[in-house]
Amino acid sequence: MTNVLIVGATSAIAHEVAKHFARAGDRLFLVGRNEAKLQAVADDLRVRGAERVETFLLDVNEVDRHEAMLDAAEEALGPLDVALIAHGVLPDQQAAQRDVRLALDTFHTNATSVIALLTPLANRFEKRGKGTIAVISSVAGDRGRQSNYVYGSAKAAVTAFTSGLRNRLYRSGVHVLTVKPGMVDTPMTAHMRKGPLFASPQRVGQDIYNAILKGKDVLYTPWYWALIMWAIIHLPESIFKRLRL
C-alpha cells in the first residue's frame, strides 16, 4: 500500500493521476484551496477504491503553513511514499506584460511556492531514504516564447530546481520526476482554441502514473512534445527571435 500526497489535487491532471492510485487501493492525502471541489474529488476517489482519503485546505502561497500540512499528512497516513506537486495558474500573457503585480503573483504561485514546498518535503524524503517526488512543470519552461514567457519563466525555475533536487537526492534513494506536459484540455486552458496537439487529462494522468512507477527522471507528455521542444530549443537565437511562437 502506497501513501500518496497530492498538492493541487483538484486540478484535472492531478485528479486523473489520483484515480490510478485509488484503483490500486492506496491511501491519499489531498491538498487544495477550494473545499467543495476538494471534497468532491475525495468522494470520487473513495468510490474508486482508495483505502483512505484525507483532505487539507491550503493556499500554497501561504508558505508558512507548508510544514503544518506535511505534518498533517504524515500524521494521517504515516511516512509518505509518493508526493505529487500539481498546483499552478495560467495567466493571460498580455495582461501579465502590462501588470507587474500579476507577473510576480504568477511567478510566486508557479515557482516560489513550489520551491518553498519542495524544500521541507525533500528533507523529509531524504531522511527516510526512499520515495518519489513528482512535480508538474511544463514544456513552456524549456525556452522562453513571446506567447507565454511569464508562465514559462516560472516553469523554467521549477525545471531547474527539480533537476538539482534529483541530483542531490539520488544517492539517498529518493527519486525526483519532472513532468513536462504540453497543452492539455483542462479548465485552465478552457479559453484557448483547441488543436491537434492538445491532449486529454486522462492520457497525461496515465503517463504520469506510469512514469512514477517506472522511476523516470523527466517525462514529456504526450511523448511528441519531446520532439517539438528539441526542435525549439535548438533553433539559433538569431532565427528564434524572429518567430511568432
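The values are calculated or read from the model by the stated rules, or taken from the named source; none is laboratory data. As the structure is a prediction and not an experimental result, all values here were calculated from the model. Heads up, the Cβs are rebuilt from the backbone with ideal geometry, glycines too, and the neighbour counts pull from every protein chain shown.
Filter the stretch 1-41 down to residues that are more than 13 Å from the chain's Cα centre (by Cα) and among the β-branched types (Val, Ile, Thr) and give me whichever is farthest from LEU70 (Cα to Cα). Going through the qualifying residues, I end up with VAL41.
The residue pairs whose first member lies in the stretch 20-45 and is touching a residue at least 40 places away in the same chain (Cβ under 8 Å), whose second member is basic (Lys, Arg), and whose beta carbons are closer than 6 Å, counting only pairs six or more residues apart or on different chains, are ARG27/ARG52. Can you tell me which residue within the stretch 190-219, out of those that are without any contact (Cβ under 8 Å) to a residue 40 or more places away in the chain and in a helix (DSSP H, G or I), is surrounded by the most Cβ atoms within 10 Å (Cβ to Cβ)? Ranking the qualifying residues of the stretch 190-219, first place goes to ASP207.
Close Cβ contacts (under 8 Å, 6 or more residues apart or on different chains) running from residues in the stretch 104-129 that are at positive phi to residues that are surrounded by fewer than 21 Cβ atoms within 10 Å (Cβ to Cβ) and assigned to a helix (DSSP H, G or I) comprise GLY129/SER172. Filtering the stretch 149-203 to residues that are touching a helix residue (DSSP H, G or I) at 6+ places or on another chain (Cβ under 9 Å), among the polar types (S, T, N, Q) and either modelled with pLDDT under 95 or farther than 28 Å from LEU235 by Cβ (or both) leaves SER172, THR186, SER200, GLN202.
If the condition is being buried (at least 21 other Cβ atoms within 10 Å of the Cβ), without any contact (Cβ under 8 Å) to a residue 60 or more places away in the chain and either of a type in the set (Gly, Ala, Ser) or touching an Asp or Glu at 6+ places or on another chain (Cβ under 8 Å) (or both), then the stretch 130-151 contributes GLY131, SER137, SER138, ALA140, GLY141.
Taking the stretch 31-68, which residues are closer than 18 Å to LYS19 by Cα, among the charged types (D, E, K, R) and out of contact with any helix residue (DSSP H, G or I) (no Cβ under 8 Å at 6 or more places or on another chain)? Hits for the stretch 31-68 are LYS37, ASP43, GLU51. When you look at VAL179, is it closer than 20 Å to VAL158 by Cα and in a helix (DSSP H, G or I), yes or no? Answer is no for this residue. Suppose the filter is in a loop (DSSP other than H, G, I, E, B) and charged (D, E, K, R); does ARG143 pass it? Yes, satisfied.
Scanning the stretch 220-239 for residues that are closer than 19 Å to PRO201 by Cβ and part of a loop (DSSP other than H, G, I, E, B) gives PRO222, TRP223. PHE125 passes every criterion in (1) out of contact with any Gly (no Cβ under 6 Å at 6 or more places or on another chain); (2) over 30 Å from LEU245 (Cβ atoms) apart from (1). When SER163, SER153, SER172, SER137 are screened for being within 22 Å of THR10 (Cα to Cα) and not β-branched (Val, Ile, Thr), only SER137 passes.
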